[in-house]
Amino acid sequence: MRLVDLHCHLDLYPDPAKAIAEAAASGVYTLTMTTTPRAWPRNRALTEATPSVRAALGLHPQLVAEHSDELTLWERYLPETRYVGEVGLDGGPQYFRSLDLQKHVFERILTVCANAGGKVLSVHSVRSVRAVLDLVEAKLPSTRGKIVLHWFTGTKAEVRRATDLGCYFSVNSAMLATEKGRSTAAAIPTDRLLTETDGPFTFLDQRPTRPADVTGVIQQLATNRSTSPEKLASIVFSNLGVLLSRSDDPLPS
Ligand code: MN
């Protein structure tokens, strides 16, 4: 089975180089996030020789309050990668105060990505699904870039709206551990379904998950959708192929 971990944070493990080497050895296609632009050069260097482990350039919404001045750095590094994340909005009680600033930063990120074309973005939307989708709709047409909603917690109607906007969804085991999360996951169209661990922020047997642990997500999704893990894994892998294919329209002249 070819497996996909479209959202994890290998630079937050005790030994990032080792975590990246293990992910590469596992054969799982892995997209590792960065949380601040300052972390980018090191992550880029660590993943330069690992085609199956790619690094994304991020500015995490939970860190925007202290790191918004790194937005210019984010823009400077963007030409070095196709992958953007972790970005988005967090409207939870701890981060609510920076929400206006987060919106300003995310709007700028979407605009710059739309101008560049061909980027793939892993997007956080905790307690801010509507605002995230409003900004995506306004700033990043699906012909100019692709959005993957990570650990999505919206309603079924919001899954539909996001699908209509061209979004994909990466599902993890913590999401499938709750009734609400399972119901959200069940609403995701088969051709938009991807998998992730969000390690080290999710756990398996009391240890942080690693990319190879997406097998558990594949098994749960296969059970929930009454299919085999092999079939589900092959669907997710083919979705990855479509996600990464470059079919963006050229900029209108
Ligand atoms: Mn994350």
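The values are calculated or read from the model by the stated rules, or taken from the named source; none is laboratory data. None of these values were measured; they are calculated from a predicted model. Here Cβ is always computed from backbone atoms with ideal geometry, including for glycine, and neighbour counts include all displayed protein chains. For the accessible areas, the whole protein counts, side chains as well, though only heavy atoms, and no ligand, DNA or RNA atoms are used. Shrake-Rupley method; radii C 1.70, N 1.55, O 1.52, S 1.80 Å.
Among the residues of segment 72-86, how many are assigned to a helix (DSSP H, G or I) and open to solvent by 20 Å² or more (accessible area, probe 1.4 Å)?
Of the residues in segment 72-86, 7 are assigned to a helix (DSSP H, G or I) and open to solvent by 20 Å² or more (accessible area, probe 1.4 Å).
Kindly evaluate Leu59 against the criterion of being in a helix (DSSP H, G or I) and either within 16 Å of the ligand (Cβ to nearest atom) or modelled with pLDDT under 95 (or both).
For Leu59, the condition - in a helix (DSSP H, G or I) and either within 16 Å of the ligand (Cβ to nearest atom) or modelled with pLDDT under 95 (or both) - is not met.
Would you confirm whether or not segment 170-185 contains a residue that is away from the ligand (no atom under 16 Å from the Cβ), in contact (Cβ under 8 Å) with a residue 12 or more places away in the chain and buried (at least 24 other Cβ atoms within 10 Å of the Cβ)?
no
Return the residues of segment 1-52 that are closer than 11 Å to Arg210 by Cβ, among the acidic types (Asp, Glu) and within 16 Å of the ligand (Cβ to nearest atom); say none if nothing qualifies.
If the condition is that a residue be closer than 11 Å to Arg210 by Cβ, among the acidic types (Asp, Glu) and within 16 Å of the ligand (Cβ to nearest atom), then Asp5 is the only one that fits.
Val159 - would you say it is β-branched (Val, Ile, Thr), more than 16 Å from the ligand (Cβ to nearest atom) and open to solvent by less than 40 Å² (accessible area, probe 1.4 Å)?
yes
If you take the residues of segment 25-56 that are within 22 Å of Ser173 (Cβ to Cβ) and outside any strand (DSSP E or B), which of them is most open to solvent (accessible area, probe 1.4 Å)?
Ala25
Can you find even one residue in segment 43-54 that is basic (Lys, Arg) and within 19 Å of the chain's Cα centre (by Cα)?
Among the residues of segment 43-54, at least one is basic (Lys, Arg) and within 19 Å of the chain's Cα centre (by Cα), which makes the answer yes.
Of the conditions (1) at positive phi; (2) open to solvent by less than 10 Å² (accessible area, probe 1.4 Å), Val105 fails just one. Which one is it?
Answer for Val105: the failing condition is (1).
Only residues that are surrounded by 18 or more Cβ atoms within 10 Å (Cβ to Cβ) and assigned to a helix (DSSP H, G or I): list them for segment 132-152, please.
Val132, Leu133, Leu135, Val136, Lys139, listed by residue number.
Residues in segment 98-128 that are more than 22 Å from Arg246 (Cα to Cα), β-branched (Val, Ile, Thr) and more than 16 Å from the ligand (Cβ to nearest atom): how many?
1
Within the set of pairs 6+ apart or on separate chains, which have a first residue in segment 15-36 that is over 19 Å from Leu57 (Cα atoms), a second that is of a type in the set (Phe, Trp, Tyr) and in a loop (DSSP other than H, G, I, E, B), and C-beta atoms under 7 Å apart?
So the pair list comes out empty.
Within segment 129-156, work out how many residues are within 16 Å of the ligand (Cβ to nearest atom), over 21 Å from Thr190 (Cβ atoms) and touching a Cys at 6+ places or on another chain (Cβ under 6 Å).
Number satisfying all stated conditions: 0.
Report the residue count in segment 190-233 for those that are hydrophobic (A, V, I, L, M, F, W, C), loosely packed, with under 15 Cβ neighbours inside 10 Å and assigned to a loop (DSSP other than H, G, I, E, B).
0
Kindly evaluate Val105 against the criterion of being within 18 Å of Phe201 (Cβ to Cβ) and modelled with pLDDT of 95 or more.
So Val105 fails the test.
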